[in-house]
Amino acid sequence: MSRLLWIAVMAIIPIDCAPLDMPEEAAQYQRDISTARCEEWFGHAVAMGWEVEDLPTLDRIMWNESRCDPTAHGGNAEYGDHGLTQVYWRVWAPLVMELGYERKDLYHPAVNLLVARLIADDAESRGWCRWQPWAASGQYGCEVTS
């Protein structure tokens, strides 16, 4: 990733981990859906480039993976899954480090949601379902092939 893009990404990450105010489109989604469980992180999600249409599935992923807890980790603390979307460090460490972050930064909701969006975009660019990286916790509309 170019240094300029990295600087731009760093500039949009909020310093603290408190939920952000939601853009109106995300707030409307929250009002329209009674099943949202992780809506406190929708402001971060939209700020990190997720589309409002992605929020229902992203909400399910955050719930299934971390129960909406940005400090959640699974498996081995060094190599396992980290944060809201349980980013698997062993696989995604190069991407995280290319962005200028460390493993511990995955516990920041904005960083985790940015990395998760890039992972989803990568899956889609390969012709996969964008939710395929989280298929272990739910199909999320992805066709399962054997």
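Return a yes/no flag: does segment 46-68 have any residue that is in contact with a strand residue (DSSP E or B) (Cβ under 8 Å, 6 or more places away or on another chain), at pLDDT 85 or above and either more than 26 Å from residue 129 (Cβ to Cβ) or open to solvent by less than 80 Å² (accessible area, probe 1.4 Å) (or both).
Filtering segment 46-68 for residues in contact with a strand residue (DSSP E or B) (Cβ under 8 Å, 6 or more places away or on another chain) gives 65.
Going one step further and asking which of them are at pLDDT 85 or above, we end up with 65.
Of the ones still in play, those that are also either more than 26 Å from residue 129 (Cβ to Cβ) or open to solvent by less than 80 Å² (accessible area, probe 1.4 Å) (or both) are 65.
Yes: one or more hits.
Looking only at segment 122-138, filter to residues that are of a type in the set (Gly, Ala, Ser) and under 23 Å from residue 55 (Cβ atoms); which one of those is most open to solvent (accessible area, probe 1.4 Å)?
Of all residues in segment 122-138, those of a type in the set (Gly, Ala, Ser) come to 123, 125, 127, 135-138.
Going one step further and asking which of them are under 23 Å from residue 55 (Cβ atoms), we end up with 123, 125, 135-138.
On the way: 123: 2, 125: 92, 135: 40, 136: 113, 137: 41, 138: 19 Å².
Per the stated criteria, the residue is 136.
Restricting attention to segment 93-121, which residues are assigned to a helix (DSSP H, G or I), surrounded by fewer than 17 Cβ atoms within 10 Å (Cβ to Cβ) and in contact (Cβ under 8 Å) with a residue 24 or more places away in the chain?
In the first step, residues of segment 93-121 are kept if they are assigned to a helix (DSSP H, G or I); the result is 93-98, 103-107, 109-121.
Subsequent filtering for residues that are surrounded by fewer than 17 Cβ atoms within 10 Å (Cβ to Cβ) retains 93-95, 97-98, 104, 121.
Result: 95, 98.
What are the residues in segment 69-81 that are modelled with pLDDT of 90 or more and in a loop (DSSP other than H, G, I, E, B), if any?
Matches in segment 69-81: 69, 70, 71, 72, 80.
Does residue 72 satisfy being open to solvent by less than 50 Å² (accessible area, probe 1.4 Å) and either within 19 Å of residue 130 (Cα to Cα) or over 11 Å from the mean Cα position of the chain (by Cα) (or both)? Can you show your working first?
On the way: open to solvent by less than 50 Å² (accessible area, probe 1.4 Å): yes; either within 19 Å of residue 130 (Cα to Cα) or over 11 Å from the mean Cα position of the chain (by Cα) (or both): yes.
Taking the combined requirement at face value, the residue satisfies it.
The values are calculated or read from the model by the stated rules, or taken from the named source; none is laboratory data. Quantities reported herein were computed from a predicted structural model and do not represent experimental measurements. All Cβ positions, even for glycine, are placed from backbone atoms using ideal geometry, and neighbour counts span all protein chains on display. Side chains included, ligands, DNA and RNA excluded: accessible areas come from the protein's heavy atoms. Shrake-Rupley method; radii C 1.70, N 1.55, O 1.52, S 1.80 Å.
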